[in-house]
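The structure appears below as C-alpha cells.
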Amino acid sequence: MGTDRGWSRRREATGFTLVELLVVITLLAILSAILVPILIPSPARTLQTAASEVATTLRETRRLAQSRQAQRRFMVDTEAERYGIEGAADWRQLPDGTQVELTTAQSLLLDQGRGGIDFFPDGSSTGGRVTLRMSGRSVRVDIEWLTGRIRVSEIEP
C-alpha cells in the first residue's frame, strides 16, 4: 500500500518535460532572430524610410496641383534639413545625421539652402532630384519634368 501511494504521488506531480522546454527555447530564439533586426534602427532603413516620406510629400504636392488646378511647390531647406509643401504649416524634419541635397532649376533656388520643385495642374513638374545621405549611404528621389513621376532609388557607394 505504501508503494502504491508513492507511485501515484509521482504521477500527480506537475511540471515541464525537457522536450517542452527545448521547444519553447527554440521558438524564443527564432522569434528573437527575426524581431531584433526589425526593432533595432539601422542607418540604411532610416534613410530608406526618410526617402519614402519625401517621395510621399512630393506625390501629395503633385496631387494638390492637379486637384486644385493650381501650381504647387515642394520645398526643401537643406540647412535646416526639412521639407514640405509651400504654404503648408506641417513641414517634416529629416532624421538626425541626414544630409539633403536639392537639384532643381536655377530659378527655383530661393536662397542659400532653400529651393523647390514646382508641380503643374496637368501633373508635369519642373523636375529635379532630392538626394539624402547618411552614414556613407545615399538614396535619391528623382522627379521627371514631363510626367511628374517620382522614383526612389538607392545609390551604390
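Summary table below
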{"quantity": "Residue 142 being over 15 Å from the mean Cα position of the chain (by Cα), charged (D, E, K, R) and either in a loop (DSSP other than H, G, I, E, B) or more than 20 Å from residue 66 (Cβ to Cβ) (or both)", "calculated": "no"}
{"quantity": "Enumeration of residues in segment 88-115 that are among the small types (Gly, Ala, Ser) and within 11 Å of residue 78 (Cβ to Cβ)", "calculated": "113, 115"}
{"quantity": "Filter pass, residue 124 being closer than 26 Å to residue 156 by Cβ, open to solvent by less than 80 Å² (accessible area, probe 1.4 Å) and among the small types (Gly, Ala, Ser)", "calculated": "no"}
{"quantity": "Residue among 113, 127, 84 that alone is in contact with an Asp or Glu (Cβ under 9 Å, 6 or more places away or on another chain), farther than 16 Å from residue 56 by Cα and small (Gly, Ala, Ser)", "calculated": "113"}
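Residue by residue, here is whether (1) of a type in the set (Lys, Arg); (2) in contact with a Leu (Cβ under 8 Å, 6 or more places away or on another chain); (3) closer than 24 Å to residue 139 by Cβ; (4) part of a helix (DSSP H, G or I) holds:
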residue: 19; (1), (2), (3), (4): no, no, no, yes
residue: 48; (1), (2), (3), (4): no, no, yes, yes
residue: 52; (1), (2), (3), (4): no, no, yes, yes
residue: 80; (1), (2), (3), (4): no, no, yes, no
residue: 97; (1), (2), (3), (4): no, no, yes, no
residue: 115; (1), (2), (3), (4): no, yes, yes, no
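The values are calculated or read from the model by the stated rules, or taken from the named source; none is laboratory data. These numbers were taken from a predicted model, which means no experiment stands behind them. Cβ atoms come from the backbone with ideal geometry, glycine included; neighbour counts cover every protein chain shown. Surface areas here come from the heavy atoms of the whole protein model, side chains and all, with no ligands, DNA or RNA. Shrake-Rupley method; radii C 1.70, N 1.55, O 1.52, S 1.80 Å.
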